[in-house]
């Protein structure tokens, strides 16, 4: 009796959800999808009972056994050693570290968990979902992988404690209200990622309105500053081009199943709904294949605003995944930025085929937290760079994902060369404490402040040491705008169209304008398109030796990078920074490169002749 | 190779063990094949072992990868070892070189074919190899940095001078309020896997116990500072794998490694924390380190507390001057 009542209630709730969260799907007809569900489930051989509302690909799951009191106690010891610092004493996601984190640590109290195999709105599977989250962490957030740090037993213990003591509003043991409908991810046969599948996926993301939040090219640029989680904290749509940052990627970034799972079950507590009820399994695979192939690979494929043609789909399929560094779970970083020689004029835009001559490199960016005002929340964590040079100039193409185009509109009190903006009230995020954390409505709360920054210019800068030829190896100028003894050549582009040359002599020393060199710099192209900046700039190889970095072929020239996201309140020292890389202009191949190997090969032929003759003589002598 | 993870801190031991196991397995197979009358030819066994150690194990298994020059040294050592193995007796040596002699003599069609092929392929291969090595390559240069440079005798923080030999952490106190390292040593986390607090129900061990006082309460205060300032780089588990660790080079220090804070006096750590990367002497590459000079962000008391938290959480004792 109970069950029937519950079912109806659940069913109604679902229908309401359908109508409110995803308007438009009602039109597809309930009967039609029920029918298709039934047909497909029968086809897959699921022995489902009378749950008419169960979506395609799901089956009844079992309720986890309650943990023993000893296990909960053991888990408490783990929790108060490792987890409490961010998740807080009561598990409300309000530990001491919480206020400087974005996304914020999970509030366990309501039992809302993002990554699940269970249907939308249900509690997750403890042994699968929560265990994997603790084991693999949540990439793109501060939640690390605890594998190798906590034993498997300790990880299970802490889950026993969290699920019984800190999830307060719901219970896995609640037989009246809690059911488990589990996505049968291992049983469902994936649809291979073919060009047709990827192309169909690109059409479906438009039909399903995924692009409204994730953007036409999937860079998370649709509506990025108006989305909140269930607690009122700002949240941004995932950038499909960075699969290693998917929370549910389980340290297996390019695995399409993770996307299929997230798409099928939704991300609880966020505006991302489950699409299980209104999408067939087949369509879900097409979408997952498409999203998976948008993740950055060896080749940068232009997807033309999401209008994927057969040709583009084939290119997406052909691209190879990037190597993921097991130490960081991010793409491997190569600290050498190569630049290759081209004849004639340097490329005028990103479509020039000559960019294919040189590999693109990823520059990893972290928040500037060395000097005040520090930047604890960075929204740009990498920049892609390519470089070409000709006889007189060098060209850099920078491309990076930024969900918002930010151009400063209000007047500011400081001059562009000033760096100590603390004098003008630019402050860092205070450590907070939990005082306002629960109340996003409070004007002083993190949530309220995070989306209310004055908008400054997006920007990108790089620095090269002036007179690097004279640096006593391995000495470099300080990564942060040089130092007294070793000034740096800074080239800074801002979204208002300025490209200027400065001299930096320390993190707290105002820049010095280099007007002569500024005139030599050129913005070839600067365009924000579907959540990505493309900025191409050129500078002369050689300026004034005493003032500007004088670039020579075949040498390792230290270079590092700075990026600002104007909508994140980034300005002055509040920015993202990189480590030192090396810019190397690869010289054209010289004649010697062919001559010496040929001589060596001829030498080897002579040696072979000698050995054979000697052997032959010896045998003759012996026989 | 996700199925067999290298465990941090145990990596060198793990590798030696793995190699030892491989050699053992190989010897067993080799021996039993010999007993069964199907002994592997010495020549091929030697080449196989060398390829396994140098090409497969050192190149693909070890992570982070080791440079080619180091691999070349190991390769040479391995080759010498194999050479000694195959030339143990006159008979074994003859057996080893027989395939080579056979090819040189080319008495059968097969060996003739191999000889001709080698005569042609070897010079071509050498040409390719030489061409590749003549091509300018631009790998990242190796720069050796001193991780623990010599500290100064004194350091001035927030207007007060601290003598590193005599300064002491004012929060490392016993319940009587006296400086007592033996007391604090007894209340750090346990040393086994997980490094958990010793007793969650004892207010002397659990920093989060409402009744925690003195030393252990200061540990909590230090932890709060750590998780508001330091974890971004040094990580939630103090293992140098923070949110932004991937962006920085050198990577942030791993405090759970026995080679960092466990090797140092507390006052050395105080100096490093207060002065940061910019305060390092030249051999520490101050220009590349993003470590903040924490005197710009924290008070002296906060620095002492966060240091105490780091020792508590990793289960290490600071070294003393004795």
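Where a number appears in this text, it was derived from the coordinates with a stated rule and is not lab data. The model shown is predicted, which means the values in this text are computed figures rather than measured ones. Neighbour counts run over all protein chains shown; Cβ positions are idealised from the backbone, glycine included.
General remarks:
- Efficiency of FRET between residue A:452 and residue A:175 - r from beta-carbon atoms, R0 35 angstrom, step 0.05: 0.20
- Using the Cβ-Cβ distance between residue A:518 and residue A:420 with R0 = 22 Å, the FRET efficiency computed as 1/(1 + (r/R0)^6) comes to roughly 0.50.
- Ranked by how many other Cβ atoms sit within 10 Å of their own Cβ, fewest first, the residues B:291, B:11 fall in the order B:11, B:291.
- Expected 222 nm ellipticity per residue - DSSP helices of 4 or more, -39500 (n - 2.57), all of chain A, to 500: -7500 deg cm²/dmol
- Take the Cα of residue B:121, step 7 Å toward its Cβ, do the same at residue A:618, and the gap between the two points is 2.3 nm.
- Estimated inter-spin distance, residue B:138 and residue B:38, nm [label 7 Å along Cα→Cβ]: 5.3 nm
- 11 Å reach of a label modelled at residue B:321, 7 Å along Cα-to-Cβ, counting backbone N of segment B:260-304: B:267
- Angle in degrees between helix B:266-275 and the longest Cα principal axis of chain B, rounded to the nearest 10: 90 degrees
- DSSP beta bridges fully contained in chain A are about 90 percent antiparallel.
- Centre separation in Å (Cα based) which lies between segment B:160-193 and segment B:44-59: 51 Å
- Placing a label point 7 Å from the Cα of residue A:345 along the Cα-to-Cβ line, no residue of segment A:381-401 has its backbone N under 14 Å from it.
- Helix A:69-78 vs. chain A, principal-axis angle (Cα, 0 to 90°, nearest 10): 30 degrees
- Averaged over the residues of peptide B:221-228, the number of Cβ atoms from other protein chains lying within 10 Å of each residue's Cβ is 5.
- Residues of segment A:304-348 with an amide N closer than 19 Å to a point placed 7 Å from the Cα of residue A:194 along the Cα-to-Cβ direction: A:308-319.
- Net length gained if the chain between residue A:152 and residue A:165 were fully extended (0.36 nm per residue, minus Cα distance): 2.7 nm
- Label-to-label distance for residue B:59 and residue B:74 is 1.3 nm, based on points extended 7 Å past Cα in the beta-carbon direction.
- Rounded tilt (10° steps) of B:109-134 against the dominant C-alpha axis of chain B: 40 degrees
- Isotropic mean projected area of the C-alpha convex hull, the protein assembly as shown (nm²): 48.4 nm²
- Our note on the geometry: Cα centres of segment A:372-435 and segment B:102-121, 66 Å apart.
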